[in-house]
Amino acid sequence: MRRTSARTPAPTPLRPLEDIRGQRRGPGLSAEDWADAALWSLADGIEALSVEKLARRLGVTKGGFYWHFKDRAELLQAALARWEQLATTHVIARLDALRDPRERLYQLLVLTFEADPQGKIEVAIVAGAAADPRIQPVLARVSQRRIGYLVTLYRALGLPAREARHWALQAYSTYVGLLHLAISSPDTLGTSRARADYVKHLTRALIPA
C-alpha cells in the first residue's frame, strides 16, 4: 500500500455535537457540520436520523439543511463518507507514519479495541447495515480495505501471503465480534480497567511472536 504523503492534510476531527451547535452563531453550518451531527445521531440507531430532529437538536431551521443536501438519503451518504474518512482512511495514514510494522500493528489493535465514544457510531452502522441497503456497500468496502491493510502489516512482519490473510481475518473477525457484543451485551467487558487488561491480552494473541 502506498504510504500517504506527509503533506496530505489531516481531516477535521469529528466534533462534539455541542461544538457543532455553537457553530450556528458564527458563519452557519457547513455540509461537514451536518454530516458530523448526523453521525452522532446514528449512534442512537439508523432510524434516529431525521432531518427535522437533527435541525431541532442543532437549534436551526430545516432551511439551512437544504442548502447542502437534497434529502435524508443524501445526508446519510455524506455521513457514511465522513465515517469512512475518519475511521479508516485517516487511521491508515496516521499508522503509516510509523516506521516499524510491528508498532503499526500494535497501535492499530490498541486504537481499535479500546473504548471510544465514537465506537457507538460504528456499532450503529454495523447494526443498521442489515436493515438499510444503502449502508451495506459502504460497510463492505470499509471492511475489505481494513482487512487488506491488516494483511500488509502481517506481510511486513515476514508472514507469507496465505498466513498473513489468516491472521488478518482473525484480527478483524475478533473486532467485529466485539462490536456485536457491544450491541447485545454492552456490560460484558466490565470496567475500563478490565477492558484495558483484555486489550493487552488481544495484542499478545494477535501479534505473531
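The values are calculated or read from the model by the stated rules, or taken from the named source; none is laboratory data. Note that the structure is a prediction, hence the values are computed from the model and not measured. All Cβ positions, even for glycine, are placed from backbone atoms using ideal geometry, and neighbour counts span all protein chains on display. In case anyone asks, the SASA skips ligands and DNA or RNA and just uses the protein heavy atoms, side chains included. Shrake-Rupley method; radii C 1.70, N 1.55, O 1.52, S 1.80 Å.
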Notebook entry, point to check: Pairs, please: C-beta under 8 Å, at least 6 apart or cross-chain, first residue closer than 25 Å to GLU103 by Cβ and in region 183-209, second in a loop (DSSP other than H, G, I, E, B) and modelled with pLDDT under 85?
Noted result: SER192/ALA115; ARG195/GLU114; ARG195/ALA115; ARG195/LEU189; ALA196/GLU114; TYR198/LEU189; VAL199/GLU114
Item checked: SER143 being among the hydroxyl-bearing types (Ser, Thr, Tyr), within 30 Å of LEU17 (Cα to Cα) and either part of a helix (DSSP H, G or I) or open to solvent by 10 Å² or more (accessible area, probe 1.4 Å) (or both) -> yes
Notebook entry, point to check: Any idea which of ALA127, ALA161, ALA168, ALA156 is more than 21 Å from LEU98 (Cα to Cα) and either modelled with pLDDT of 90 or more or among the basic types (Lys, Arg) (or both)?
Noted result: ALA161
Next item on the list: Report the residue count in region 1-23 for those that are at pLDDT below 85 and either in contact with a strand residue (DSSP E or B) (Cβ under 7 Å, 6 or more places away or on another chain) or open to solvent by 90 Å² or more (accessible area, probe 1.4 Å) (or both).
Entry: 6
Next item on the list: List every residue pair whose Cβ atoms sit under 7 Å apart, with the two residues 6 or more apart in sequence or on different chains, where the first one lies in region 11-24 and is more than 16 Å from LEU42 (Cα to Cα) and the second, anywhere, is exposed (fewer than 13 other Cβ atoms within 10 Å of the Cβ).
Entry: ARG21/GLY59; ARG24/GLY59
Margin query: Looking at ALA81, ALA73, can you tell me which residue is open to solvent by 30 Å² or more (accessible area, probe 1.4 Å), at pLDDT 95 or above and either within 17 Å of ALA124 (Cα to Cα) or in a helix (DSSP H, G or I) (or both)?
Written below: ALA81
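A quick yes/no check of all residues on (1) in contact (Cβ under 8 Å) with a residue 40 or more places away in the chain; (2) not hydroxyl-bearing (Ser, Thr, Tyr):
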{"residue": "TRP34", "(1), (2)": "yes, yes"}
{"residue": "SER41", "(1), (2)": "no, no"}
{"residue": "ARG57", "(1), (2)": "yes, yes"}
{"residue": "TRP83", "(1), (2)": "yes, yes"}
{"residue": "VAL123", "(1), (2)": "yes, yes"}
{"residue": "ALA131", "(1), (2)": "yes, yes"}
{"residue": "GLN144", "(1), (2)": "no, yes"}
{"residue": "ILE147", "(1), (2)": "no, yes"}
Next item on the list: Could you check how many residues of region 98-125 are among the aliphatic types (A, V, I, L, M), within 13 Å of the chain's Cα centre (by Cα), surrounded by fewer than 18 Cβ atoms within 10 Å (Cβ to Cβ) and in a helix (DSSP H, G or I)?
Entry: 1
Check: Quick one: GLY158 ticks every box in (1) closer than 24 Å to LEU49 by Cα; (2) part of a loop (DSSP other than H, G, I, E, B) bar one, so which box is it?
Finding: (1)
